[in-house]
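Working notes, beginning with the structure itself.
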Amino acid sequence: MGKPEIVASPARDVVRAQVDRARAAQAVFECWTQERVDDAVAAAGWAIVKPENNRRLAELAVKDTGLGSVADKIAKNERKTMGLLRDLQGLRTVGMIAERPELGITEIARPVGVVAAVTPSTNPGATPANKIINALKCRNAVILAPSPKGFNTGALLLEFMHAELDKVGAPRDLVQILAQPVTKDATRELMRQADLIVATGSQANVRAAYSSGKPAFGVGLGNVSVIIDASADVDDAAAKICASKCFDNATSCSSENSLVIVAPVWDAMIAALKRAGGALLTVPEKAQLQNAMWPSGELSAAVMARPVAAIVAEAGLPGELAGARFLMVEEDAVGGAHPYSGEKLSLVLTLYRARDFDAAFAQVRSIYAYQGAGHSVGIHTRNDAQVMRLGLEMPAARVIVNQAHAIANGGAFDNGLPFSLSMGCGTWGGNSISENLHWKHYLNITRVVRTIPPRTPSIEGLFGAYHRKFGA
């Protein structure tokens, strides 16, 4: 048999022209000083933080995608960008960035080239801005591959960014967006032609990034579970969970999907959640909501990131539930036949009752064996031993302690995680990283290596202890 016919992609030449322009712009930008690079970073940041720009982006995002709330997107765009700029402030990404005389090694920062930034509809302003700013900090060019629903927001963001980049003399082709309509073919062609892919969003896009033949950073599937331990301050926990769950109508992959509550505080925690604005559905109401949320086995777009009133109307639930801030359902099983155990991206919180912490731990492991392994886990407790057990044994890259999970997980002003909207989930989640995607992932590092006094090992030094224990 002959070789299989290779069919040329219709998008290949169009994408090639964009990538060529990006390479030309990046070649100029690579020669900039740290001071000028930081000016470009500030320009890109101001393009989204500027209040009138931020509002227009948030309004357009909600109008086009139907996801989230304008007020929360404004807050997210500002907080995530300000936090990232704080993280980057003063960092060297040009020239020598570290010298280790004891090893004879000098580290020099080098750009990766052209970055393909695949971004989701849930955050069509904040996620592209985060990736663009990180890419520029490391002297790269970047081309956005947005979700089709997020295209207009991404295009407007680039319009604002180009206006600011003009002020600092940066080439506009440093920051581009795929032409509309954004197709799977064009996105995959960009992945094949770029030097690095950073993919956030659907697992199909992440898998495509990993199989593109180019270096790629992808993120795993969220399905956050949070344990409410017997020592928890239930009112504090409920207030934080409510703030997190309700933020931007639960668009975040870091939003709580399940609470696993130990029996001694079950009643108190349910009461606290109700005081915070939650409404616990009856068994018939739970079934009615399930039919509306998964009418054909797939999560309905009619409930994703929608206000409670819209969910109640869609499901035909009693009207008085429309005044709740979020809905709650009790569950006792996990898996495909029990869809409440998976990620919902909606203002619906699943509650599990556990006998004690050991049972709660086992319940979370069961949930993550079904969906969400590697992403993160939360706990509300005063018992640090329980926290450390999660860190040592749970398949999760982040353990969020006594915090509003969706707000803390991607970096917060009162924790040390890097500000990011892309959370690596390690090998548990099928990812190459287990940390928040941040600036170092957009950088090559050249190491200049000089000689040092030799450190030659001896047989005794390496094997002496072993031989004394077990014999030669």
* Do we find that Arg398 is closer than 20 Å to Ser252 by Cβ and not hydrophobic (A, V, I, L, M, F, W, C) in this structure? -> yes
* When Ala385 is evaluated against the numbered criteria (1) closer than 24 Å to Ile433 by Cβ; (2) surrounded by fewer than 21 Cβ atoms within 10 Å (Cβ to Cβ); (3) not aromatic (Phe, Trp, Tyr), which criterion, by number, is the only one it fails? -> (1)
* Can you name the condition, by its number, that Glu107 falls short on among (1) within 18 Å of the chain's Cα centre (by Cα); (2) charged (D, E, K, R); (3) over 30 Å from Arg56 (Cβ atoms)? -> (1)
* Ile433 being within 30 Å of Ala208 (Cβ to Cβ) and either hydroxyl-bearing (Ser, Thr, Tyr) or in a strand (DSSP E or B) (or both) -> no
* Asked: Going by the conditions given, is Glu330 at pLDDT 95 or above, within 24 Å of Phe361 (Cβ to Cβ), of a type in the set (D, E, K, R) and in contact with a His (Cβ under 9 Å, 6 or more places away or on another chain)?
  -> no
* **Among the residues listed as Pro111, Pro120, Pro101, the single one being at pLDDT below 95 and of a type outside the set (S, T, N, Q)** => Pro120
* Asked: Which one of the conditions (1) over 16 Å from the mean Cα position of the chain (by Cα); (2) under 22 Å from Glu331 (Cα atoms) does Ser254 fail to meet, given that it meets all the rest?
  -> (1)
* Asked: Do we find that Ala163 is over 24 Å from Glu52 (Cα atoms) and of a type in the set (Gly, Ala, Ser) in this structure?
  -> no
* Do any strands (runs of 3 or more DSSP E) lying entirely in the range 155-251 carry at least 3 residues that are touching a residue at least 24 places away in the same chain (Cβ under 8 Å) and either farther than 16 Å from Val15 by Cβ or of a type in the set (Gly, Ala, Ser) (or both), and which ones are they? -> 216-218, 224-228
* Structure fact -> The number of residues in the range 80-129 that are in a strand (DSSP E or B), closer than 21 Å to Gly218 by Cα and not β-branched (Val, Ile, Thr) is 3
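Please find, within the range 303-341, the residue that is farthest from Lys286 (Cα to Cα) out of those that are of a type outside the set (A, V, I, L, M, F, W, C) and crowded, with 19+ Cβ neighbours inside 10 Å.
Residue satisfying both the conditions and the ranking: Arg306.
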* To do: Tell me, please, whether a residue that is modelled with pLDDT of 95 or more and touching a Phe, Trp or Tyr at 6+ places or on another chain (Cβ under 9 Å) can be found in the range 185-197.
  => yes
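Would you mind listing the strands (runs of 3 or more DSSP E) fully within the range 340-430 where at least 3 residues are in contact with a Leu (Cβ under 7 Å, 6 or more places away or on another chain)?
Strands (runs of 3 or more DSSP E) meeting the threshold: 348-354.
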* To do: Run Thr446 past the list (1) farther than 30 Å from Gly378 by Cα; (2) in contact (Cβ under 8 Å) with a residue 24 or more places away in the chain; (3) in a loop (DSSP other than H, G, I, E, B); (4) not basic (Lys, Arg) and report the number of the one that doesn't hold.
  => (3)
* Asked: Looking only at the range 103-143, which residues are in contact with a Gly (Cβ under 9 Å, 6 or more places away or on another chain), crowded, with 24+ Cβ neighbours inside 10 Å and within 11 Å of Leu443 (Cα to Cα)?
  -> Asn140
* Ala279, sole failed condition from (1) of a type in the set (A, V, I, L, M, F, W, C); (2) free of Cβ contacts under 8 Å to residues at least 24 places away in the same chain; (3) not in a helix (DSSP H, G or I) -> (2)
* Quick one: in the range 110-142, of everything that is among the small types (Gly, Ala, Ser) and within 19 Å of the chain's Cα centre (by Cα), which residue is nearest to Leu345 (Cα to Cα)? => Ser121
* **Meets criteria (in contact with a Pro (Cβ under 7 Å, 6 or more places away or on another chain) and buried (at least 18 other Cβ atoms within 10 Å of the Cβ)) for Gly410** => no
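The values are calculated or read from the model by the stated rules, or taken from the named source; none is laboratory data. In this text, all values refer to a predicted model and were calculated from it rather than measured experimentally. Cβ coordinates were reconstructed from backbone atoms using ideal geometry, including for glycine residues, and neighbour counts include every protein chain displayed.
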